4 protein chains.
Amino acid sequence: MQKVKVGIVGGTGYTGVELLRILAAHPQAEVTMITSRSEEGVALADMYPNLRGHYDLRFSVPDSAQLKTCDIVFFATPHGVAMSMAAELTDAGVKIIDLAADFRIENLTVWSKWYGMEHTEASLFDKVAYGLPEYYREQIKQAQIIANPGCYPTSTMLGALPLLKNNLVDVNNIIVDGKSGVSGAGKGANVAMLGAEMSESFKAYGVAGHRHLPEMKEKMAQIGGREVGLTFVPHLVPMIRGMENTIYATMTSEMSQAQLQELYEETYKDEPFVDVMPAGSLPETRMVKGSNMCRIAIYRPVGSSQVVVTSVIDNLVKGAAGQAVQNMNILFGIDETMGLQQVALLP
Amino acid sequence: MQKVKVGIVGGTGYTGVELLRILAAHPQAEVTMITSRSEEGVALADMYPNLRGHYDLRFSVPDSAQLKTCDIVFFATPHGVAMSMAAELTDAGVKIIDLAADFRIENLTVWSKWYGMEHTEASLFDKVAYGLPEYYREQIKQAQIIANPGCYPTSTMLGALPLLKNNLVDVNNIIVDGKSGVSGAGKGANVAMLGAEMSESFKAYGVAGHRHLPEMKEKMAQIGGREVGLTFVPHLVPMIRGMENTIYATMTSEMSQAQLQELYEETYKDEPFVDVMPAGSLPETRMVKGSNMCRIAIYRPVGSSQVVVTSVIDNLVKGAAGQAVQNMNILFGIDETMGLQQVALLP
Amino acid sequence: MQKVKVGIVGGTGYTGVELLRILAAHPQAEVTMITSRSEEGVALADMYPNLRGHYDLRFSVPDSAQLKTCDIVFFATPHGVAMSMAAELTDAGVKIIDLAADFRIENLTVWSKWYGMEHTEASLFDKVAYGLPEYYREQIKQAQIIANPGCYPTSTMLGALPLLKNNLVDVNNIIVDGKSGVSGAGKGANVAMLGAEMSESFKAYGVAGHRHLPEMKEKMAQIGGREVGLTFVPHLVPMIRGMENTIYATMTSEMSQAQLQELYEETYKDEPFVDVMPAGSLPETRMVKGSNMCRIAIYRPVGSSQVVVTSVIDNLVKGAAGQAVQNMNILFGIDETMGLQQVALLP
Amino acid sequence: MQKVKVGIVGGTGYTGVELLRILAAHPQAEVTMITSRSEEGVALADMYPNLRGHYDLRFSVPDSAQLKTCDIVFFATPHGVAMSMAAELTDAGVKIIDLAADFRIENLTVWSKWYGMEHTEASLFDKVAYGLPEYYREQIKQAQIIANPGCYPTSTMLGALPLLKNNLVDVNNIIVDGKSGVSGAGKGANVAMLGAEMSESFKAYGVAGHRHLPEMKEKMAQIGGREVGLTFVPHLVPMIRGMENTIYATMTSEMSQAQLQELYEETYKDEPFVDVMPAGSLPETRMVKGSNMCRIAIYRPVGSSQVVVTSVIDNLVKGAAGQAVQNMNILFGIDETMGLQQVALLP
C-alpha cells in the first residue's frame, strides 16, 4: 500500500511537534510538507531537536497548490485558519483534520460568540464529522473534514457519555472539575505559563467560561439525546502533559457500583484506546503519558447520591495529535491503532 | 510578658518542622523541648538543616514530667498519641494543641470507624474546642485542648460555610473537589510519594473515602445547623505545598454574583487570615505558600445553577502548623497574628 | 529610630517582589514609593497577590524629585537605568543599591564589551562599593552606591575565596560548574522559560560566555591578589529558586580535608549569613529557600588532586534582594541581620 | 526469523519497567517470563498500569530451569544476583545482559571494595563484554555476558573518549560534573527521594565517592590507553528522567573549536545513537527523554585552557534499558536500532 501523503499546516506548536513525533513511527504515512510563515526555511530538527535524525524537512510557506498534492492536511493552527483553506482543499479531494476548533460546533451562533469571529463556511458542515471515534466512527469514515475534539471534551465525554446514553443520571446538573498540564496552553510566550509562575502552584482558571464548555454541551446533547446542564471549572496543574477530569452526576437509577463497572467495561470492550480501570483503582495521568489511551474509573462514593467518574488522557495525544492520527487511520481505512501503540512513559 | 514555653511531641515530620519554622520567629513563644523516640539526642539542625543557627535543641524522649514544665504542648504525632497523654497534661494545667485527629470528631462512633481505634478519652471533650478560629474563636479561648483541624476541612469550610450559614444552597448535595500537594502525605518512606512517582502526574485518590469527610460533615452541620450531604474527592497535585478546594453547590437563593461577593467580603472583613479575592479573580496556591492566609473566590458560572467557591491554603501552615500557632495565640491572649505575618514566597 | 524611607525603581520583576517581601517584615524600613512606567497606577497587590494585605502602594512613574525624598533607592531595573539616575540621586544625598550590573565591574572596557553599552558614569566609581559584605564590609559602610553582586558571583566567591586568599590552589585553572533555578531568568515572557519547556529538563547554557564571568574574575583577582583563570559553565535547573555552584581547583598545598574544614569554619565564624556545613555533609538549595544564607561544604575527593567546594544560595535572596537589604542595613548602621532571619521554607 | 525469547529477572524496578516498555514495541523479541520473588503472581499490568493492554504476563519466582528456555536473560536486579546465576545460564547457552554492576569492573579487588562483596565468578570474565557498543561492539558480538554500563559512565565516556583516544587533553586531571534525575535512585522507599524532599531543590551528593567512578576510570584507561585522573561529583536534579554530564579537561593540543567539532562529528558519524549537536548549540536532557540517543556538544570557552563537553542521555534508556536492548540486538545479529527509534517526548 502506498503511504498516505501528509501535510501539516502550522506545525510549530506543541500539537505540531506531537503529530511529527507520532507520524515518524507510522508505517503507512509520510509527512511530505510542513508549513509555517514565521519559520520558513528552518529545518524541523533545529526547532525540535528531539526530531534530529527523524526528519529532513524544512518549514515552508503555506501554499495551496503544494498542499493539494497531499492526501491529507492537518491544521495545527490558530482558530480560523483551517476554515479559510478548507473549501479549496476539499474541492481538490484533500482530506482535512483540523486540530483547532473551526468545525467543532455546529451551532455557528454559539461558535461565533465563543471564538469571536464570523464562521464563513457553514456550507462545509455536511462534509464534517466530529472526530471522537468512540462515538462518531461511522460519520468519520464518510467525512472529508474532521473536527478533532478539544482535550477537555475528549476526556470528559469518554467518561460521562455511558451515563447519559443509558439515562442513569440527572442531566440538568453535571459537574466537570477539569485539570490540565501546562502544555495545553501552547508554546506562546506567556508570562503566566513561565516555569517560575506555574511550577509549585495549582489554580482554577477560566472563571468567565471556557470554549470547551459549549463544545461539550452540544456533543453531549447530540449523543445523549437531551440538553445537558453542565458546570465546568478547569484548573492548571504544575506538570507538562496530562489531563484529568473528575465528573460528578446525581444518580437517577439504582445501579450499583458493580453494575456501573460492568456497564463501562461492556461499553468500551472493543475500543482500543479506552481502558476502564479495575474496580477500586483510579487512573493517574502518568499512566497515559505519551500514549493515545484514555483511562477511566467509575465509582459511587459511600453515602452520596453522586456517581464519580475520573478520566485521564495525555492532552497532546488522545487530546490532540494522537486522536488526529486515529482519525486519519479511519479516514484511510488503515488499522485504527497503527502508529498509536506506544506504551506510556513511566516513570 | 514572659514567653510561652512550648513543647513539641513528635516533631520529626513536616508539621513539626513547620511549627519550628514559625515559632523561630515568634516573639512571645519559646520552644523548650521537642521529643522523638527514634531521634533521641539528634540535634534539630541535623535533621532539618534549614533550622541551623535558629535552634540549639536536641530531640529527647517524650517524658510527662518534663512536658509538664511547658505552658503548651503541640502534638505533631500519629493519631492516638495526644489522646494517651492529654489527661495527665491537662490535669497539670498544660494546654494542648493536637495537630492529629484525636479530638476533631465528637461523635466517637464515627471517629473509631474512620481511625480504626477505640477512643479512650470521651470525658475530655468538655475541655476541647475545634481549632478553626473563624468559627470557634470563643470556644477556643475557653478550651484547654485544641483539636487543630485537618487541612481539607480548614480550606473547605472557610470557603463553604458562608453559603450554609446563610441558607443559600441545597445542603443535600455539596461537592468538594480537593487537591493537595504531596507534603500532605507526610515524610514517611512511601513509594507512591517518591519524586519519580508523583512528579508530572495528577490523580484522584481515596476512592474508599477520606478521613476528612466525617470531620467536615460534623462541623459543617454544627455550624450550618443542618446535616450536609457531601461528596468529597481528593486529588494529588505534583507540588510540595499547597491545597485548593473547588466547592460546588446548587443555589436555592436568587443571590447574584455581586451579592455573594459582598456577603463573603462582609463575613470575613475582620478576619486576619481569610482573604476574599476581588471579583473576577481566582486564587492560586502559590499566593499563600509559607503563609497562614486562606484566599477565597466565589462566582456563579454563566448558565449554571451552581455556585462555585475556590479556596486555597498552604496545607502545612493554615492547614496545620500556622493554624496551630494562631490557636496558641488565642489561648494565651496574644495578638492572634503574632508570628504569622510572613508574606507568601512568590515566585 | 526613624524608619529608613525606601524607594524601589522598577519593582515589577522577581527581584522587585522579593525586595517587597523582605522589606514588609523589616522593622526599620518603610517602602514609600515604587515605580514602573508600564504599570503606573496598578496596586502592588494586584500584580503580586502574595502582598495583599501587606502594602497599600501603587506603582508610580519614576520621578527624580519624588525619589529624592527617599533615604535609599533600590534599582531592580534592566542594566543601564541606575547609571542614568545615580548622579542626580547621590548628589541629593540619596543612597543607591543597584541590583543590576551598572557598577559591578570597575574595568569599564570590559563592562562595555559584556553589557553592550557605553558606561557614562566612570566618575561615580569613587562612591561605589561592591556589595559582598563578607569581603567588602568596610567599603560598603563608606559608600553611597552599592553594586549588588550577581547571584553566581555571590555564591561562587563565598565558596572559593578562602582558597584564593590563603594561596592553597592553582589560580590559573579554577572551574565553576554553576546551576540556577529559572527565576534567575526573570519574569519576561520567554518561550525557553515556559513551564512546558524547562520543566523535567536540565541543560548547560551560555556557551558564548556569561556576564557573571568577568565580574567574578575582577573581584576574585581583587581579593585574591592575583589574576584568576576561570572556566564557568552555567546550567539551568528545573526549579524556581535556588543556585548551586560546584567549584573545582587544583590544590597546591598539602592541607588535609580536616584542615580545610577548620579554615572555612574559622573564616566565616562571625558571618551571620555564611554557614559552613559539618564535615561530610553537602548543602541542598532547599536549605536556603527564601533565606539569606549561603551554605558551603568543602572536601577533597579521594584520589584526586582537586579540592571541591559546593555553595548554595537562594538566587533571589542572598543572590539579589536579601543581600541588597543586608547592604542597606550596613549603610544605615542597622543590625546587619535585621529583617533577614527568616528560616528557609522546607519542605 | 523467530523472535528472541527474553526473560527478565527482577523486573519490578524502573529499569525493569523500561525494558518492558521498549520490548513491547520490538518486532523481533518476545518477553516470555519475568520474575520477582516478592511479586509472585501479580500481573505486570497491575504493578505498571502503563503496560495495561501490552502484556499478559505475571511475575513468577525466579527458576533456573525456566530461565534456561529463554534465549537471553536480562538482570534488572540488585548487585550480586546476576553473578549468582550466570554460570548456570551461560552453561545452558543462554545469553545474559546484566543491568547491575556484577561484570562491569574487571579489577575484582577494586570491584569488591566498592560493592562490598566478594566476586565469586572471576572465571566468567572471558565471556564478558562491556556493553558500550560505540567502543566495544566487536567484543559484544562475541560475548555471552554483557555488563551493561552505568548511566554516568555511558554519558561521560561517549563525551570524553574522543579527547582521550586522540591525546588532546591532560589525562591527569579530568573533571566530570554529573547530574541525574531521581529515577536513577530507583523505586525503593527512600525518604530522601520523596517528592516533598527532592522537588524544587538541587544538591551534590556522593561526597564519599560514587561506584561509577572506578568503572569510568577502568574503561577510560582501557580505551584511552593511559591511566586517567578523574574527579567526579554527581548531583541530583529535581526531575524524573535525564542525565547530563559536563566534562572539563585541559587541552594539550592546539585544536580549535571547529576542529574539535569536526573530530566529534567524524568519530560518531556512523553511530545511530550518538548525536553531535551543531556547533554553538547545547543539548538538553528533554531532547532525549524516552529515547536511546546520547547528544553531545563540545566547545572551548573563550579565554580558558579547558575544553568543555556536555553529554545528555535518558538515564533509563541509553543509560540502562535502551542500551541493554541495543546490546541484545548486537548479540543476536538484529539491526542494532530495532525497537529503539522512538522519538524523544518533547514537550
Among helices (runs of 4 or more DSSP H) entirely inside the range A:8-68, those with 1 or more residues being of a type in the set (Lys, Arg) and closer than 28 Å to D:Ile313 by Cα are A:14-24
If you check A:Val31, A:Val17, A:Val94, A:Val61, which single one turns out to be in contact with a Pro (Cβ under 9 Å, 6 or more places away or on another chain) and aliphatic (A, V, I, L, M)? A:Val17
Output the number of residues of the range D:220-256 satisfying the condition of being closer than 30 Å to C:Val182 by Cα and surrounded by fewer than 16 Cβ atoms within 10 Å (Cβ to Cβ). 0
Just one of the numbered conditions (1) more than 25 Å from A:Glu218 (Cβ to Cβ); (2) among the small types (Gly, Ala, Ser); (3) assigned to a helix (DSSP H, G or I) is not true of A:Ala87; which one? (1)
Scan the range D:216-236 residue by residue and report those that are more than 20 Å from the chain's Cα centre (by Cα) and away from chain C (no Cβ under 14 Å). D:Gly225, D:Arg226
Please specify each residue of the range A:57-90 satisfying the condition of being out of contact with any helix residue (DSSP H, G or I) (no Cβ under 8 Å at 6 or more places or on another chain) and of a type outside the set (A, V, I, L, M, F, W, C). A:Asp63, A:Gln66, A:Thr69, A:Asp71, A:Thr77, A:Pro78, A:Ser84
A:Arg37 vs (1) on the phi > 0 side of the Ramachandran plot; (2) at pLDDT below 95: all pass except (1)
Cβ contacts < 8 Å: first residue within 17 Å of B:Met328 (Cβ to Cβ), restricted to the range B:68-90; second residue among the aromatic types (Phe, Trp, Tyr), any location; separation 6+ or different chain. Result? B:Asp71/B:Phe332; B:Ile72/B:Phe332; B:Ala82/B:Phe75; B:Ala82/B:Phe103; B:Ala86/B:Phe103
Against the condition under 19 Å from A:Gly322 (Cβ atoms), in contact (Cβ under 8 Å) with a residue 12 or more places away in the chain and crowded, with 17+ Cβ neighbours inside 10 Å, how does A:Leu51 come out, does it pass? yes
Taking into account only those residues within the range B:141-167 that are crowded, with 20+ Cβ neighbours inside 10 Å and farther than 16 Å from B:Cys294 by Cβ, which is nearest to the chain's Cα centre (by Cα)? B:Ala147
Can you tell me which residue within the range A:49-67, out of those that are under 25 Å from the mean Cα position of the chain (by Cα) and away from chain D (no Cβ under 14 Å), is nearest to D:Pro283 (Cα to Cα)? A:Phe59
Those residues that are of a type in the set (Val, Ile, Thr) and at the interface with another protein chain (Cβ under 7 Å from one of its Cβ atoms), I need them from the range B:285-312; list them, please. B:Thr285, B:Val302, B:Val308, B:Thr310
Residue satisfying condition, being over 21 Å from B:Arg300 (Cβ atoms) and among the aromatic types (Phe, Trp, Tyr), within set A:Tyr248, A:Tyr264: A:Tyr264
Does D:Asp46 meet the test of being more than 25 Å from the chain's Cα centre (by Cα) and within 14 Å of chain A (Cβ to nearest Cβ)? yes
Can you spot a residue in the range A:329-338 that is out of contact with any strand residue (DSSP E or B) (no Cβ under 8 Å at 6 or more places or on another chain) and crowded, with 24+ Cβ neighbours inside 10 Å? no
B:Tyr136 - would you say it is over 15 Å from B:Ala221 (Cα atoms) and at pLDDT 95 or above? no
Scan the range D:237-284 residue by residue and report those that are touching a residue at least 60 places away in the same chain (Cβ under 8 Å), part of a loop (DSSP other than H, G, I, E, B) and away from chain C (no Cβ under 14 Å). D:Ser253, D:Met255, D:Glu271, D:Pro272, D:Phe273
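To keep it simple, each residue is scored yes or no on (1) over 28 Å from C:Val237 (Cα atoms); (2) of a type outside the set (Val, Ile, Thr).
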site: D:Ala204; (1), (2): no, yes
site: D:Gly224; (1), (2): yes, yes
site: D:Glu227; (1), (2): yes, yes
site: D:Thr231; (1), (2): no, no
site: D:His235; (1), (2): no, yes
site: D:Pro238; (1), (2): no, yes
site: D:Thr246; (1), (2): no, no
site: D:Leu263; (1), (2): yes, yes
Within the range D:198-209, is even one residue assigned to a helix (DSSP H, G or I), within 11 Å of chain C (Cβ to nearest Cβ), in contact with a helix residue (DSSP H, G or I) (Cβ under 7 Å, 6 or more places away or on another chain) and modelled with pLDDT of 95 or more? yes
Take the residues of the range A:54-98 that are surrounded by 18 or more Cβ atoms within 10 Å (Cβ to Cβ) and of a type in the set (Asp, Glu): which is farthest from A:Val4 (Cα to Cα)? A:Asp98
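The values are calculated or read from the model by the stated rules, or taken from the named source; none is laboratory data. These numbers were taken from a predicted model, which means no experiment stands behind them. So basically every Cβ, Gly included, is an ideal-geometry build from the backbone, and we count neighbours across all protein chains shown.
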